[in-house]
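Some notes on the structure that comes next.
Throughout, read-outs are computed from the coordinates displayed, never taken from laboratory work. Predicted model only: the values in this text are computed from it and were never measured. With ideal geometry, Cβ positions are generated from the backbone for all residues, glycine too; neighbour counts draw on all protein chains shown.
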Amino acid sequence: MRVERFEEVASTNDTVKQYLAARENVIVVARRQSAGRGTKGRAFLSGEGGVYLSALLFYDDLPASRAFEVMAHAAVAVCRAAERFGVRPAIKWANDVQVGGKKLAGVLIENAVAGAKLDHSILGIGMNAENDVSALASAVTLSEAAGRRISAEEAAAALIAELLRPSTFAEYLARLAHRGARVAVTEQAAVYPATFLGVLPDGRAQIRTASGVRALSAAEISIRPQEEP
């Protein structure tokens with residue numbers, strides 16, 4: 001797959017869209033983003049030293065019902081890239097990769113549907129490699145986690161290699177954080193305790209509450225580890 005490299009772009013997800021008309025699978029990597037974004041429109045700090053990458057992928061015959069596989073594959077690829085450097089990350093449902101409870105990477109997926117099929121996806125990934133995250137207490141870099149300097153170039157090469165390898169949903173589940181643990185669930189204005197059972201192939205989280213087992217999407221709820229009393 002062709003890889004295009006840039007010094008700085010506003011957003012790799014936006015930049016990769018220039019290849020849509022050619023219907024070409026391509027990966028865009030930038031050293032910096034001036035207007036990086038995460039999920040739900042949040043800003044994503046994108047200083048030099050991080051990995052900022054978007055992959056444009058077209059499909060021949062992928063049912064839209066399997067769209068979560070795209071997210072799962074991206075998260076697994078990030079984990080496998082980090083594992084190459086001796087780091088053991090975990091996936092915080094649905095789209096963050098953490099080390100020791102701190103955010104190593106985020107994934108932003110844009111899917112385009114044609115009828116009942118996925119036409120294409122844009123897999124946006126931001127991963128901390130050797131960038132300055134000192135202003136974010138909840139973030140960690142690959143270099144910090146590995147205990148040695150890992151350049152953005154090394155991290156990007158590992159990530160691209162893992163994105164090009166197939167993955168399975170079992171690999172996603174094997175790396176899932178808080179599976180079987182007690183969590184606090186936020187649903188609209190309510191916060192309540194539950195047990196996080198895992199994730200279904202369609203991406204919904206399965207939780208057990210006092211009233212039974214429920215399956216809910218990331219648009220409906222968020223979860224976090226339950227604080228000790």
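Taking Lys and Arg as +1 and Asp and Glu as -1, the other residues whose beta-carbon sits under 11 Å from that of Ala82 total +2. Based on alpha-carbon atoms, the Kirkwood radius and the radius of gyration of the stretch 182-225 give Rg/Rh equal to 0.92. Mean projection of the Cα convex hull over all viewing directions, computed for the stretch 83-208: 9.8 nm². Across q = 0.13, 0.17, 0.24, 0.28 Å⁻¹, the stretch 65-112 modelled as identical point scatterers on its alpha-carbon atoms has Debye log10 I(q)/I(0) values of -0.28, -0.46, -0.82, -1.03, in the order of the q list. Rounded to the nearest 20 debye, the dipole magnitude of the chain is 480 debye, with +1 charges on Lys and Arg beta carbons, -1 on Asp and Glu beta carbons, and the Cα centre as origin. Here semi-axes √(5λ) of the Cα gyration tensor in Å was calculated from the structure, and among (i) 25, 20, 17; (ii) 28, 23, 15; (iii) 35, 19, 16 it sits at label (ii). Working note: 222 nm ellipticity from helices only, DSSP H runs with n ≥ 4, each -39,500 (n - 2.57), summed and divided by the residues of the chain, gives -5000 deg cm²/dmol to the nearest 500.
For the residues Arg148, Arg182, Arg80, a GNM of the chain with alpha-carbon springs under 10 Å puts the largest fluctuation on Arg148.
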